[in-house]
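The values are calculated or read from the model by the stated rules, or taken from the named source; none is laboratory data. Predicted, not measured: the structure shown is a model, and the values here were computed from it. Reconstructed Cβ throughout: ideal geometry from the backbone, glycine too, with neighbour counts over all protein chains shown.
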Amino acid sequence: MTEQQHQGEDRAEREPVLLAAFEGWNDAGSAASQALAHLHEVWGAEEVDELDPEEYHDFQVNRPTVAVGDSGRREITWPTTHIAVATAPQSGRTVVLVHGIEPSMRWRRYCAELLDIAATLGVRSVITVGALLADAPHTRPIPVSASAEDPEVQALVGAEPSTYEGPTGIVGVLQHEASERGLRAMSLWAAVPHYVAHPPSPKATLALLARIEELLGEPVPLGELPDDAAAWQHGVDELAAEDTEIAEYVHQLEEAKDTADLPEASGEAIAREFERFLRRRDKGTGA
């Protein structure tokens, strides 16, 4: 790595970063939104702003909910987008968390408003987080892909250029609009097994948090999430054992996955995982 790349990486590690996830089309198994909810909780994020839902939501598509509030009175909760700010405990870095439901309309205005708020908070890097349904076996590590449009970002974090062509969601649009503003922008996507798509999907959430931890260089306390992921996998194992067709299908996916992953068992990949283990141990935040 050149001196200029080192300086760019150091600068990027100090600047505020925005993480965004949206419920709906971009959020298979609720894996992405649960990842941000987890960060919000463990890092004690405080809400600083929200977007007016009247501008962006069709309430017949995403209906408000009514419930009895803490005051004892019935309250209506509207589908909106919340912006919260946390301070990463180890590095002291500001992390902006954006969580909402994918809007029904005015996506360009929606992205512009979010990025304007991000600018006031000093954000220079944007990471959108999503989850998609895929032909992935639940018995193997959940794949998480990272993509970016900017070659500099690709080189900085090891992201790949996106080759996808077709309909996109608000995650793709926000990433593109952030890039157009000159921000460092990338997307993370977890591949959720399509035959167990019903939320929650704690194993996929755990995989996304591991990648976020690696990108930010900030250990994330995981609490009960590893146990939840193990219980989820055990439950799916039991369901598959009761149906020979599903068991055979899972076996086929396992064989395809294992064959595809053989070239990836490189020294570099092993070294990366070992470095991550050492960082966790040294900072005293074991999983």
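Values for this structure:
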{"read-out": "Complete set of residues in the range 148-159 that are part of a loop (DSSP other than H, G, I, E, B) and either touching a helix residue (DSSP H, G or I) at 6+ places or on another chain (Cβ under 8 Å) or crowded, with 20+ Cβ neighbours inside 10 Å (or both)", "value": "Ala148, Glu149, Asp150, Ala159"}
{"read-out": "Which numbered condition Gly172 misses (of (1) assigned to a helix (DSSP H, G or I); (2) under 23 Å from His82 (Cβ atoms); (3) at pLDDT 95 or above)", "value": "(3)"}
{"read-out": "Total residues in the range 160-171, condition out of contact with any Asp or Glu (no Cβ under 9 Å at 6 or more places or on another chain) and touching a residue at least 24 places away in the same chain (Cβ under 8 Å)", "value": "0"}
{"read-out": "Subset of the range 81-107 [farther than 15 Å from Val42 by Cβ and crowded, with 19+ Cβ neighbours inside 10 Å]", "value": "Thr81, Ile83, Val96, Val98, Gly100, Ile101, Glu102, Pro103"}
{"read-out": "In the range 15-52, the residues that are of a type in the set (D, E, K, R) and in contact with a His (Cβ under 6 Å, 6 or more places away or on another chain)", "value": "Glu47, Glu50"}
{"read-out": "Members of the range 96-135 found to be assigned to a strand (DSSP E or B) and in contact with a Phe, Trp or Tyr (Cβ under 7 Å, 6 or more places away or on another chain), listed by number", "value": "Gly100, Ile101, Gly130, Ala131, Leu132"}
{"read-out": "Selection within the range 175-196 - farther than 16 Å from Thr139 by Cβ and not in a strand (DSSP E or B)", "value": "Gln175, His176, Glu177, Ala178, Ser179, Glu180, Arg181, Gly182, Leu183"}
{"read-out": "Only listed residue being part of a loop (DSSP other than H, G, I, E, B), among the hydroxyl-bearing types (Ser, Thr, Tyr) and touching a strand residue (DSSP E or B) at 6+ places or on another chain (Cβ under 7 Å), chosen from Ser162, Ser145", "value": "Ser162"}
{"read-out": "Residues satisfying the stated conditions in the range 38-63, i.e. small (Gly, Ala, Ser) and without any contact (Cβ under 8 Å) to a residue 12 or more places away in the chain", "value": "none"}
{"read-out": "Residue among Arg181, Arg211, Arg124 that is in contact with an Asp or Glu (Cβ under 6 Å, 6 or more places away or on another chain) and either modelled with pLDDT of 95 or more or closer than 19 Å to Val98 by Cα (or both)", "value": "Arg124"}
{"read-out": "Positions within the range 117-148 being among the charged types (D, E, K, R) and farther than 17 Å from Val17 by Cβ, in sequence order", "value": "Asp135, Arg140"}
{"read-out": "Residue pairs meeting the criteria (Cβ under 8 Å; at least 6 apart or on separate chains; first more than 15 Å from Val85 (Cβ to Cβ), in the range 108-122; second polar (S, T, N, Q))", "value": "Tyr110/Thr81"}
{"read-out": "Total residues in the range 219-244, condition in contact (Cβ under 8 Å) with a residue 60 or more places away in the chain, within 13 Å of Pro200 (Cβ to Cβ) and not in a helix (DSSP H, G or I)", "value": "0"}
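Matching residues to (1) under 19 Å from the mean Cα position of the chain (by Cα); (2) of a type in the set (D, E, K, R):
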| site | (1), (2) |
| --- | --- |
| Val96 | yes, no |
| Glu102 | yes, yes |
| Met105 | no, no |
| Arg108 | no, yes |
| Leu121 | no, no |
| Gly130 | yes, no |
| Thr139 | no, no |
| Val144 | yes, no |
| Ala148 | yes, no |
